[in-house]
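In what follows, a structure is listed as structure tokens, so that the remarks can point back to it.
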Amino acid sequence: MSMILPRRKIGRTCVNGDLAVKTRYVKSRTLITGPPPSIPSSHNHTTPTSTPLPSPTPLPFFSPEVSEANSSGQGDAKPLYVSGSQADRLARVSRMSSPLRRGSHESWWSGDMGWFNAVAKTIPTYRVLDEEGHLVKGTKVPMITKEEALAMYRTMTLIPIVDNVLYQSQRQGRISFYMQCAGEEAAIVGSSAAMLPGDEMFGQYRESAALLHRGFTLDALMSQCFGNIEDKGTKGRMMPVHYSAPELGFHTITSPLATQMPQAAGAAYALKLDEDRQGDCVICYFGDGAASEGDFHAALGMNSVLGGPCIWFCRNNGFAISTPIIDQYAGDGIASRGPAYGLDTIRVDGNDALAVLSAVREARKRAVEGKKGVLVEAMTYRVGHHSTSDDSSMYRRVEEVKEWTVVDNPIHRFRAYLASKSWWDEASEKDLLASHKSSVMKAFSRAEKLPKPKLGEMFNDVWGVGKGDEVPAVIMEQRAELGRLLKKYGDVWEPWRKERKRFVEEGMDVMDCDGRGS
């Protein structure tokens, strides 16, 4: 039975058959609470989340008299139209009157419309070093030893040489594809340096420097790009730069944009549930373009609700291939989305290696202690083309790129800091670059000469087949078909005859009509 009672009506009686219920309105009180007097009625486009919330004003409650049956002792004297005790009813209306009931954790009721389009007027960008490598006034330098700083610098100076050699080799047709991380060395190396050996790492495709800093060898990197027999991670079946290193906690890179993000959310949740992995953390790299994908929102939503220690590291380099950020979003970058998912968030100068190191260390601490996600937006600039399939001069001025390499070069900035500490000099620089070039060319030449895996390797690992189980018939049929084609054309068609020589056993492992292989 439902009633609509006007305010300040006393003793109104409703009759239904022979049952009479007299309901008395006890006290007239406001049904909603408003912000404190010090808070303006309109939000002026900001949400003052730091303001203490008012204590909710209790809602009025109705105290119906019991029926004659209950009054004569033939019942438990509970109200007829509301179940539970008086305390239960008070608790229920208290929950219903709270904005939390409707999904907002820090809010209050207001009779005035308060429109907003940002969580703050501006989001600051944290930095330790300015463009010339000088300490910013009032900043706190992160704890870093000379050995740690030099290790970071060695990786930051190594990756441009690797990029240059492999980029040019693709232009010569020696590998099929490549992507550089030029201009983003500080963001990638600084974040990798802040992680611990037991952590899990999910890359997008521009994080080769993070992998090298973690211990990936030049031989392993070159082997993956050439897809040779020593490509242990992807066994020659993936495009170049799609690295995989399970022994280093680096998960296989996949081409579709942002697919690594839901995977990272799942890995973080697994760490949260695993008692033996407490203290470990996930870091997931992605770009500003990936943040326009649905997987970005699915991953952050999953992580914010289920929990799990995860650092969402956005390399905001200004472009999603050819699309500039001005055509990607109208809000204040990617950092503005963090609070919407309840994530601790920071924006950092991505060309400042020390600032990135400090920010990601703190992000890792918050993620592990809170078993939750933390968002870091590193503001940087993609100096190179998107990939070897791209010509960035078609959508940005060459002068703009040159200006970034001179005015805000992350390697030059960090080198200036090292020199100011008397940790580096010109002689050391010359020796280091010569050593890097020699090591890169040696690994490149070695990887190029190694053969590719057996041709039948392409049919492995497609299905998870247990010991003693049979490989699915569709795989066996495909393998047999390839074997028949090779037997028929492998020696008479020049392109196939030439290509077969690049594989171990020259395809003989699949040249049997029953498809069982060698």
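The values are calculated or read from the model by the stated rules, or taken from the named source; none is laboratory data. All figures in this text were calculated on a predicted structure; none of them were measured in a lab. So basically every Cβ, Gly included, is an ideal-geometry build from the backbone, and we count neighbours across all protein chains shown. Just so you know, the surface numbers come from the protein's heavy atoms only, side chains and all, with ligands and any DNA or RNA stripped out. Shrake-Rupley method; radii C 1.70, N 1.55, O 1.52, S 1.80 Å.
Can you find a residue in the range 382-398 that is over 30 Å from ILE175 (Cβ atoms) and either out of contact with any Cys (no Cβ under 7 Å at 6 or more places or on another chain) or not in a loop (DSSP other than H, G, I, E, B) (or both)? Among the residues of the range 382-398, not one is over 30 Å from ILE175 (Cβ atoms) and either out of contact with any Cys (no Cβ under 7 Å at 6 or more places or on another chain) or not in a loop (DSSP other than H, G, I, E, B) (or both), which makes the answer no. For LYS272, the test of being open to solvent by 10 Å² or more (accessible area, probe 1.4 Å), charged (D, E, K, R) and either without any contact (Cβ under 8 Å) to a residue 12 or more places away in the chain or not in a loop (DSSP other than H, G, I, E, B) (or both) is passed. Within the range 334-355, being open to solvent by 10 Å² or more (accessible area, probe 1.4 Å) and not acidic (Asp, Glu) holds for SER336, ARG337, PRO339, ALA340, TYR341, GLY342, LEU343, THR345, ILE346, ARG347. Just one of the numbered conditions (1) surrounded by fewer than 12 Cβ atoms within 10 Å (Cβ to Cβ); (2) touching a helix residue (DSSP H, G or I) at 6+ places or on another chain (Cβ under 9 Å) is not true of ALA427: (2).
Going through the range 320-364 one residue at a time, which ones are on the phi > 0 side of the Ramachandran plot and of a type in the set (A, V, I, L, M, F, W, C)? Once the filter is applied, which keeps residues that are on the phi > 0 side of the Ramachandran plot and of a type in the set (A, V, I, L, M, F, W, C), the range 320-364 yields only ILE321.
The residues on offer are SER191, SER169, and the sole one that is open to solvent by less than 30 Å² (accessible area, probe 1.4 Å) and closer than 19 Å to VAL348 by Cβ is SER191. Within the range 209-222, if we keep just the residues that are open to solvent by less than 10 Å² (accessible area, probe 1.4 Å) and out of contact with any Lys or Arg (no Cβ under 8 Å at 6 or more places or on another chain), the residue that is farthest from ALA151 (Cα to Cα) turns out to be LEU221. For the range 339-356, taking the residues that are modelled with pLDDT of 95 or more and small (Gly, Ala, Ser), the one that is farthest from PRO410 (Cα to Cα) is identified as ALA355.
If you check SER387, SER392 for being under 16 Å from ILE321 (Cα atoms) and more than 23 Å from the chain's Cα centre (by Cα), only one passes: SER392. For beta carbons closer than 6 Å, sequence separation of 6+ or different chains, a first residue in the range 329-352 that is more than 14 Å from ASN303 (Cα to Cα) and a second that is open to solvent by 60 Å² or more (accessible area, probe 1.4 Å) and assigned to a loop (DSSP other than H, G, I, E, B), the qualifying pairs are ARG347/THR125; ASP349/THR125; ASP349/ARG127; ASP352/ARG127. Cβ-Cβ contacts under 6 Å between residues 6 or more apart (or on different chains), taken from a first residue in the range 224-241 that is open to solvent by 10 Å² or more (accessible area, probe 1.4 Å) to a second residue that is of a type in the set (Phe, Trp, Tyr) and not in a helix (DSSP H, G or I), are listed as MET239/PHE177.
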